[in-house]
Structures are given as structure tokens and as C-alpha cells.
Amino acid sequence: MSGGPLDPPLPHRIASRAGAAGRDVQLQQFVNRATDIRDHARVEALDAAFGSRTEAVRTLAGQIKQHTLDHLDHYVGQFADAATAAGVHVHFAADGPAANEICLAIARRRGCRRCVKSKSMVTEETKLVPALQAAGIEAVETDLGEFIIQLDDDAPSHIVAPMIHKDRRAVGRAFEREIGAPYTEDPAELTAIARAHMRVQYQRADLGVSGANFLVAETGTVVICTNEGNADLSVSGPPVHIAFVGIEKLVPRLQDLPVFLKLLARSATAQPITIYTTMLTGPRRAADHDGPEEMHVILVDNGRTRLLAPDTRELLRCIRCGACLNTCPVYRKVGGGHAYGAVYSGPIGATITPLLAGLENYPDLPHASSLCGACFDACPVRIDLPGQLVRRRREMVETRVTGLLERSLMRAWAWSLRGPRRYRMATRLQRVGLRALGRAGWIRRAPPPLAGWTRERDLPVPARRSFHDWWKKRERGGRP
Amino acid sequence: MRITLFIPCLTDAFTPRAAVAIVKILEYLGHDVDVPATQTCCGQPMFNAGFHVEAKRLVTRMLDVFDGDATVVTPSGSCAALIRHHAPTLYAAGTPERQRVENLGGRLYEFVEFLVRVERMDLAAHDVRWDGDVTEHFPCHGRGIGLGDETMSLLRGIAGVRLHPLEHRDQCCGFGGTFAVKQPAISGGMLREKVSCIAATGADVVVCNDAGCAMNIAGGCHRAGTPVEVRSFAEILAEGLELLTREEPS
């Protein structure tokens, strides 16, 4: 089944959306400004907290995650035991439909009709909300951004800031149209409208669904970071709480958590810590004032164990902070338009989507990067994202997803570089050919394979004399 | 010092003046410069495009061409990053080739990196003057070899240079090798943003040390009708030292 911005017809071509996103001046301004502000604030916040130790902190965080992934079987088991001991029902789901079915079975057994749900990228993967609705269960997104996206029947365009492509006028219109609120553009009034609307949803709900930012293996604790407190309200009022969590969210011990809480908040939104950091270990106990009667954790695989292969394991370190999106010049150009055509966008999306959904289905994504390296610099857990993108390209060549024409051209080019005589000959041919095409030193329209170049910019013609020819002549003539 | 130059394909064909400037500066500094005639390409375009069998053949060629213990200087930060960081991954650990490529990576420097880290050139000790309004773009692969604002600092050390800071100086210009051809719409969007930032500085010359980025930015400025010349730092320095005749911005 395909449909919706994150579920495009396959194979998905990024150009089908990138062009439109690039021409939408207003969208460009929103996304550029929002990502630029966040990117600068991130650098400042990390520098203020860690200074010259920033690299060491990121390395430590990466090592903790890598260690956890290297021993994932152990830590999944430890978490399951500890959480079960704390009264949590722990489930394992191989893929999205399986995870949704576990949730639906619980809802059926408990007779749940109304679900409040906090932000979770995993539930975007599993398409939980449509599954709940199809089962006759009303499902409301309680994260403000996700709520607005839901009202507009739109899809999130950023891991952390799902409505980065919308402005407050769009929000005012959605509130007026969908929940009958008087139109306003004032952010404080808009927030008050959402708050009043949401309170009623919390009171009526009989099922709370959340994601999780971290799972602590030693204690069986589910850790949720939000800035709106919506996760707390979503999971503490209703009698049933179900957390959808990717298996890569584990950290070994409670004492490993602070470095991640510090890095996550700073990398995502330049905060010292998220406004709400909630640690849930089991359902309501006798002495508690609130909390669910039943608590479930669904550990979702959905392709993750495939990424555990040694070459791609580092990708599972990702803590979904969105820093690589904010700093990426490509995301800034196309991100607001759902150009990545999948749940995860930006550099991390460009490399994991083809692994999860098939290189042949997303052949443009590994190439949607200039390999500038800004993401590698920004990543709080030191994932070599440019290196991973190159590996996807290599896999495309090896599996012949890369077309015959491109393979032939690249191999011919490589052949021409394998000896000085061929190289000189090719350089001379290139010089004569391009100089013939040029006028006053520039080519305005070049034939393939350089047509893409001259579509956007002029091509300078090669210099009259190459460096190596200059050098040879100078050597022959003797130095002055 | 005996210095071997590695002049990659784009510099060789499109911006040879940058390489000539490097030769003249290194000789001015008293070095003995050699350019092996058998050199071609380090294989970076193939590596980045995922053609690693082809890239490995070219890197292996490089190991023979630049065999020995001489310091190697190149104008390209991205080629330096390839040899230093990426090429070793093409060979199994512990093999003789892996050792040779690591050895080469350890003695190969991008030109500005060489001036700052090896030569430790103090411009104040030289009679260097270059009058003009300049801004600087930071090529992304400076990141890959750990460079930051070295070129800006060097430019500030040249009498007569009026340096105008470039907004988003370290944001990619959209070149990215085959990326510029394969994803023209995205690449072009990035380039237009770079060109408008350059135009906003009011500078006549933008300094850019990587030949690929320089071609891209020059082509973008020319298409946009922005009258800015693209030069490498080596050209500015060579002109400032009167080793090259100044090319007036046209």
C-alpha cells in the first residue's frame, strides 16, 4: 500500500519532490531559518557545557552505544527481565504490523476506544495511528507539532520538529477549520487553544501510547524526554500505557544515562536538558497517585537486526536528535518538502532508509549528499554518516542498482587515469572538446554527462595549458 | 626540504595557475620541488561514487608514484582526506599496502595545512602585500583533514587584504563531485545560496582552495552575473610575494 508523503510510489525519486521544495521560497525560508538557528544554538550549547571536552563527550556517548549494540542480546534480555520484575509486560515485534497487532490486541482486551499518543518515530514506522483508527479506536497526537500535522492530514518532515515546514498562520487555519477555534496567529493564543483542546482528550482517553528515548537495561526503566509534558499526561492518566521502542534505544546502566540526556537536549534543541525527563519503571504502585494499571513495552525490530551487521552497526547508535538534519545543506534545501519520501529524513534517513526499504526502492538517497561532512561533525554519537552514504553507493554499484551507463562511464574514466599516457591523452581531448564548446572561457550548455552541471551553473573551459605541460616545458627549458 | 607535488586532475586542467603558485612559493621558501610525471589521479571520484575496485587500483598506483619518504604537498584538501582517511579502508589491516597508504597519508599535506603545520610560515617575516577586497569560502574537505580558519588567519597576515567575512562560510557550495551532476536541482540551490552570500560581502575575490569547489563557485557566480573572481590562497600569496603577476579582476 502506498500513499502519503512518507509512503511514496517506489522507486522513489528525490527529484520528484526536491524541485518543488527548492522553488517554494516561503518553505525554503522556514526550513533554512529554523535549521540554521538550531544548528548554531547547538554548537554554542555544547561549547558552553563541554568546551574543549566536547569531542571526548561525543566519543564516550558513541562508545557506550556501540558497546550496547555489540552486546545487544545481553542487554535486551537484561532489560526484559528487569522490566518484567517491575511489573511491565514486555513484548517483541519483528516488524511494524506485528507491533501494531500487539497494541491492538491489548486495546481489544481492555476495551480501549480513545488513545492519546505522544511523539514516537517508531509509531511513524509502524503506521500505528491509521491502524488504530482502522480498528475503530480514536487516536490523538498530543505533541503540539504532531497534533497540527494530524489535523492537516500531513506528515512530519523533521525528526524533532515535525512541522518545521509550517508557520503559525497554517496552524491558525488548521485550528479554525478542525477544532472550531477563532483564527489567531498569536503563538501564545495558539498554544492555549491546543492546551484546552488537549486536556479534554487526556481526560477521556483510556489508552496512552508513547515512544521512548532510552531504555535502561539494568533497571528496566523507560526514559521519555519531552518539552511539553504531553508524554507524562498521555501515559499517567489512562489505565493502559503502551510504549513502542526500537531495540537500539538501550543503554546499560542508569549511570550511563546523564551523558545522553545532556547530549540529546543540546544537540536537538540547544537546551541543557529537556523540560520533562520522565523515567518510568513499572506501572502504578499502591502508593502512587497516578500512573497506568498496565504498562507494556513493545520492543520493535523492524529491520534493525539487519543493521546490526558490522558495517552498518554504528547507524543504530542514533539517538534521533535531528542535529544532522539541521546542519545538512541538502536537508535545508529539500527537507521541508518530504523529499526523502520516508519516515527518517536528512543524512541519517538517506543512509538508513535504503537499508530498511531496499536500495532499489530509494536509489537517489545515497546520492542526495555532497559528502560535505557537516553531519559527521554534528552527530553526538559520532556516526560516520558520509562514510555510510559512500558504502550505500558502493552497494549500489556491487548490486548493479547503479545503471549500466553510469557504470560504463565511471569505469572508462577510471581506465583513463591508470597511466600517464592515457591521462595526458584524456586531458588533451577534454581540453580540445570543452574549449570548442566554450565561448569567452565559459560553457553555458554542455552535453551529457555534464548537462546536469550546466543546468545550474556555467562550466569554465580548461586552461590553455595544463599544469603538467607547464612543468614539463619548464623542466626542459631549465629553471631560470 | 625535498617536496613532491601531487597536482590532482581538476587543478591540472582547470586551475593550473594555483599549482604554479604553489611551486613558486615552495621554491621561494627554499624547498626542492619535484613533480613525478607518472602521477594521474588519487581515485577520489571513483571512491566517492562507490566504485571501490576502480578507486583501489588508482590508490595503489599512487603508492608507487609517491613511494619513498618525501613530503607530499597537494592543493586539494579532498584528495588529501581521501588518502589519509578513506584509502586505508580499501586494504585489509596488516597488509603491506595498508602500511604504505598509511605512510603516505602521514606525509601528505594540503598546501595551507603544510604552510601552517609544517612550514609554520610567519607572513610578518616576509615582504608580502596584496591590495583588495577578499572573502573566503571554506571547502568542506578542510573539515576532513582538521582545518578550520587557517586560510582566514593567513589572509589577515597579508598587508593590503581587506577580508570580508562570508556568512555560512563553512556551508557546502553544492559541488560534491558527481553530486553536482546527479542532483543538479539540490546542488544548484546550495550554490545559489553560496553565491548570494558571496555577493553580499562586496568582495571582488573569493578565496577557495579546492579546485572542484572553485569551479562550482566560479560557474555559479558567472551564471548569476556576480562579478567575483575565484582564487586559491596560493595565488594570492604568490602575487603578494611578487612571484606571480597579479591578475586584475576582470
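The values are calculated or read from the model by the stated rules, or taken from the named source; none is laboratory data. Treat the numbers as computed from the prediction; the structure is a model and nothing was measured. All Cβ positions, even for glycine, are placed from backbone atoms using ideal geometry, and neighbour counts span all protein chains on display.
Quick notes
- Under the condition of being surrounded by 22 or more Cβ atoms within 10 Å (Cβ to Cβ), β-branched (Val, Ile, Thr) and more than 9 Å from every other protein chain (Cβ to nearest Cβ), the residues counted in the range B:5-40 number 2.
- Per-region count, the range B:54-78, residues within 21 Å of the chain's Cα centre (by Cα) and not in a helix (DSSP H, G or I): 8
- Residues in the range B:16-53 that are of a type in the set (Ser, Thr, Tyr) and assigned to a loop (DSSP other than H, G, I, E, B): B:Thr38, B:Thr40.
- Taken residue by residue, the range B:177-186 has at least one member that is within 20 Å of the chain's Cα centre (by Cα), free of Cβ contacts under 8 Å to residues at least 24 places away in the same chain and within 8 Å of chain A (Cβ to nearest Cβ).
- Counted residues, the range A:157-176 - those being free of Cβ contacts under 8 Å to residues at least 40 places away in the same chain and in contact with a helix residue (DSSP H, G or I) (Cβ under 8 Å, 6 or more places away or on another chain): 7
- For the range B:214-234, a residue qualifies if it is within 10 Å of chain A (Cβ to nearest Cβ) and part of a helix (DSSP H, G or I), and the qualifying residues are B:Ala214, B:Met215, B:Asn216, B:Ile217, B:Ala218, B:Gly219, B:Gly220, B:Cys221, B:His222, B:Arg223, B:Ala224.
- Being farther than 17 Å from A:Val209 by Cβ, in the same structural domain as A:Thr226 (by TED's automatic domain parsing) and under 19 Å from the mean Cα position of the chain (by Cα) is true of A:Ile164.
- Scanning the range B:196-213 for residues that are part of a helix (DSSP H, G or I) and either facing another protein chain (nearest Cβ under 9 Å) or closer than 19 Å to B:Phe14 by Cα (or both) yields a count of 3.
- Scope the range A:346-364; condition more than 14 Å from every other protein chain (Cβ to nearest Cβ) and on the phi < 0 side of the Ramachandran plot; matching residues: A:Ile348, A:Gly349, A:Ile352, A:Thr353, A:Leu355, A:Leu356, A:Ala357, A:Glu360, A:Asn361
- Within the range A:197-204, one or more residues are under 28 Å from the mean Cα position of the chain (by Cα), surrounded by fewer than 22 Cβ atoms within 10 Å (Cβ to Cβ) and either under 22 Å from A:Ile242 (Cβ atoms) or among the aliphatic types (A, V, I, L, M) (or both).
- Of all the criteria given as (1) within 19 Å of B:Ala218 (Cα to Cα); (2) within 9 Å of another protein chain (Cβ to nearest Cβ); (3) in contact with a Ser or Thr (Cβ under 8 Å, 6 or more places away or on another chain), the one not satisfied by A:Ala446 is (2).
- Looking across the range A:418-440, the residues that are closer than 20 Å to A:Trp470 by Cβ, at the interface with chain B (Cβ under 10 Å from one of its Cβ atoms) and surrounded by 14 or more Cβ atoms within 10 Å (Cβ to Cβ) come down to A:Pro420, A:Tyr423, A:Arg424, A:Ala426, A:Thr427, A:Arg428, A:Gln430, A:Arg431, A:Leu434.
- All conditions but one from (1) more than 10 Å from chain B (Cβ to nearest Cβ); (2) crowded, with 21+ Cβ neighbours inside 10 Å; (3) aliphatic (A, V, I, L, M) apply to A:Leu459; the one that does not is (1).
- For the range A:321-345, the set of residues classified as β-branched (Val, Ile, Thr), away from chain B (no Cβ under 12 Å) and buried (at least 24 other Cβ atoms within 10 Å of the Cβ) is empty.
Quick grid of which residues meet (1) among the hydrophobic types (A, V, I, L, M, F, W, C); (2) surrounded by 20 or more Cβ atoms within 10 Å (Cβ to Cβ):
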{"site": "A:Pro238", "(1), (2)": "no, yes"}
{"site": "A:Ala243", "(1), (2)": "yes, yes"}
{"site": "A:Ile247", "(1), (2)": "yes, yes"}
{"site": "A:Pro252", "(1), (2)": "no, no"}
{"site": "A:Ser267", "(1), (2)": "no, yes"}
{"site": "A:Gln271", "(1), (2)": "no, no"}
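- Residue match in the range A:429-439 (condition: of a type outside the set (Phe, Trp, Tyr), in a loop (DSSP other than H, G, I, E, B) and more than 30 Å from A:Gly346 (Cα to Cα)): yes
- Candidate set: the range B:187-232, residues that are touching a Phe, Trp or Tyr at 6+ places or on another chain (Cβ under 7 Å) and touching a residue at least 60 places away in the same chain (Cβ under 8 Å); chosen: the one surrounded by the fewest Cβ atoms within 10 Å (Cβ to Cβ): B:Met215
- Answer residue from the range B:192-250, given it is touching a helix residue (DSSP H, G or I) at 6+ places or on another chain (Cβ under 6 Å) and of a type in the set (Asp, Glu) and is farthest from B:Gly77 (Cα to Cα) among those: B:Glu235
- Test: residue in the range A:19-40 that is in contact with a strand residue (DSSP E or B) (Cβ under 7 Å, 6 or more places away or on another chain), surrounded by 14 or more Cβ atoms within 10 Å (Cβ to Cβ) and modelled with pLDDT of 95 or more: no
- Filter result for A:Ile137 (of a type in the set (A, V, I, L, M), out of contact with any helix residue (DSSP H, G or I) (no Cβ under 9 Å at 6 or more places or on another chain), touching a residue at least 24 places away in the same chain (Cβ under 8 Å) and buried (at least 18 other Cβ atoms within 10 Å of the Cβ)): no
- Single match in A:Arg382, A:Arg394 (criterion: more than 11 Å from chain B (Cβ to nearest Cβ) and either under 30 Å from A:His40 (Cα atoms) or charged (D, E, K, R) (or both)): A:Arg382
- Consider the range A:403-412 and keep the residues that are of a type outside the set (Lys, Arg) and more than 7 Å from every other protein chain (Cβ to nearest Cβ). The one that is surrounded by the fewest Cβ atoms within 10 Å (Cβ to Cβ) is A:Leu404.
- Of the helices (runs of 4 or more DSSP H) contained entirely in the range B:91-176, those carrying at least 2 residues that are outside the structural domain of B:Gly202 (by TED's automatic domain parsing) and either closer than 14 Å to B:Leu237 by Cα or modelled with pLDDT of 95 or more (or both) fall at B:96-106.
- On the stretch given as the range B:57-90, residues that are at the interface with chain A (Cβ under 10 Å from one of its Cβ atoms) and not β-branched (Val, Ile, Thr) total 8.
- Boolean, A:Glu406 is within 45 Å of the chain's Cα centre (by Cα) and of a type in the set (Asp, Glu): yes
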